[in-house]
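No lab work stands behind these numbers, since they all come straight from the coordinates. As the structure is a computational prediction, the values presented were derived from the model and not from experiment. In this analysis, Cβ positions are derived from the backbone assuming ideal geometry, glycine residues included, and neighbour counts consider all displayed protein chains.
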Amino acid sequence: MNPISLSQFLIEEQRAKGQIDADLRRLIKVVASACKRISIAVSKGALGGVLGNLGTTNVQGEAQKKLDVLSNEILLQANEWGGHLAAIASEEMDDPHPIPHRYPKGEFLLVFDPLDGSSNIDVNVSVGTIFSVLRCPEGVKEPDEKAFLQPGTRQVAAGYAVYGPSTQLVLTLGDGVTVFTLDREQGVFILTERGVSIPEQTSEFAINMSNQRHWEAPVQRYIGELLAGKTGPRGRDFNMRWVASMVADVHRILTRGGVFMYPVDAKCAPKGGRLRLMYEANPMAMIVEQAGGAATDGRQRIMEVQPHTLHQRVPVILGSTEEVQRVTAYHLEQS
């Protein structure tokens with residue numbers, strides 16, 4: 001069987017299911033092409049002169065890495081002119097980025113975190129790009145922040161690229177999850193897995209244990225049970241894995257199961273949480289749910305949270321269904 005490229009896959013989906021139109025197909029191809037360019041920049045590392053801090057901060061108040069800014073520019077430049085977008089929003093920018101008037105406009109909104117886990121760049125650990133696609137509200141010709149404030153249930157597509165030993169693109173169009181691997185020699189994303197399914201049960205968890213003293217009681221209870229292992233109420237041992245790159249941690253969960261947690265705690269409570277709803281939580285929640293998993297903020301389904309601001313933060317608990325349901329139940333008991 002001949003390998004199937006991303007372009008061929010999108011054409012097949014359009015013909016077989018009528019699930020995507022030509023503009024959405026072009027949008028995904030353009031995002032994938034931008035991810036290839038980012039992959040090349042990341043892989044050059046010190047040879048490309050792109051490591052280290054830029055000396056500026058983003059709207060989140062976080063120090064920007066050189067690759068943060070470069071990745072953001074690559075995605076903006078690639079998507080401005082294609083005619084498939086009405087506007088763009090990035091974690092690295094205060095406000096939505098309008099499509100220049102010299103270019104045609106489309107009906108979609110693109111939201112992205114250009115380089116998730118960028119604190120790991122200088123130590124050569126996997127990082128990635130996360131993206132989400134929404135439809136521009138009908139009748140809106142000049143989309144502002146309000147146009148983007150849609151719950152995750154309205155996402156048309158979501159995906160991420162992980163830049164690791166190999167570069168992979170994980171994509172959902174709302175009908176399952178598909179994985180593509182970049183053939184570096186041909187410069188093409190090739191289909192390598194269809195119908196990704198997260199195991200319902202798991203013995204792995206991912207959480208930043210250094211924040212343990214700040215956690216709420218439901219999280220303390222849940223993690224305490226896992227750490228107790230065979231002698232505790234769960235009756236088996238669990239392993240902890242923590243990369244501090246959401247893309248890498250979620251990719252591991254898609255591959256072999258697990259639960260990823262960045263709960264609200266005493267440190268991040270004033271902000272509402274640590275991770276961004278629009279740029280990180282919603283697209284990852286869509287992917288995880290489409291792979292048979294679950295994603296909540298500890299009390300409700302993440303994709304049902306109504307955004308109030310473009311850079312809103314939320315707690316995140318996602319992964320294998322049974323574990324997500326258990327820790328969510330502990331939160332609801334306390335409520």
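Using the number of other C-beta atoms within 10 angstrom as an exposure proxy, rank HIS214, HIS101, HIS331, HIS251 with the fewest first.
Working: HIS214 16, HIS101 7, HIS331 23, HIS251 20.
Result, fewest neighbours first: HIS101, HIS214, HIS251, HIS331.
What residues have an amide H closer than 5 Å to that of GLN312, excluding those fewer than 5 places away on the same chain, when H is modeled at 1.01 Å from N in the peptide plane? Here the answer is LEU277, MET278, since their amide H atoms fall under 5 Å of that of GLN312. Working from Cα pairs under 8 Å separated by at least six residues, relative contact order for the chain is 15 percent.
Can you give the FRET efficiency to the nearest 0.05 for GLN325 and THR231, using r as the Cβ-Cβ distance and R₀ = 25 Å? Here the calculated transfer efficiency is 0.60.
Counting only trypsin sites (Lys or Arg not before Pro) that sit in a DSSP loop (anything but H, G, I, E, B) with at most 13 other Cβ atoms within 10 Å, what is the longest stretch of the chain containing none of them? Walk me through the numbers before you get to the answer.
Details: sites that count: ARG102, LYS141, ARG184, ARG194, ARG236, LYS267.
Between the exposed loop sites, the longest stretch runs 1-101.
For a test of the definition: using alpha carbon positions, the gyration tensor, and the 1.5 limit on a/c, classify the stretch 94-134 as rounded, prolate or oblate. Intermediate results must be reported in sequence, preceding the final value.
Numbers: a/c = 3.48, a/b = 2.62, b/c = 1.33.
Verdict is prolate for the stretch 94-134.
Temperature 4 °C, viscosity 1.567 mPa s: under these conditions the Stokes-Einstein estimate for the stretch 204-334, based on its Kirkwood radius over C-alpha pairs, is 88 µm² per second. Fully extending the segment from ARG135 to ALA16 would add 40.6 nm, taking 0.36 nm per residue of separation and subtracting the current Cα-Cα distance. Applying 0.36 nm per residue to the separation of ARG213 and SER43 and subtracting their alpha-carbon distance, the gain on full extension is 57.5 nm.
In terms of its alpha-carbon gyration tensor, the stretch 6-193 comes out oblate; a/c meets the 1.5 threshold, while b/c is at least as large as a/b.
To the nearest 500 deg cm²/dmol, what mean residue ellipticity at 222 nm is calculated for the chain from DSSP H runs of n ≥ 4 alone, each contributing -39,500 (n - 2.57), summed and divided by the residues? All intermediate terms of the calculation are to be shown ahead of the outcome.
On the way: 8 runs with 100 residues, N = 335.
Rounded to the nearest 500, the figure is -9500 deg cm²/dmol.
Taking GluC sites (Glu not before Pro) as exposed when DSSP calls them loop and at most 11 other C-beta atoms lie within 10 angstrom, the chain has its longest site-free stretch at 186-335. Relative intensity of the chain on a log10 scale, I(q)/I(0) at q = 0.07, 0.12 Å⁻¹, equals -0.27, -0.83, per a Debye sum over C-alpha point scatterers of equal strength in the absence of solvent. The modelled label-to-label distance between GLN8 and TRP81, using points 7 Å beyond Cα along the C-beta direction, is 2.9 nm.
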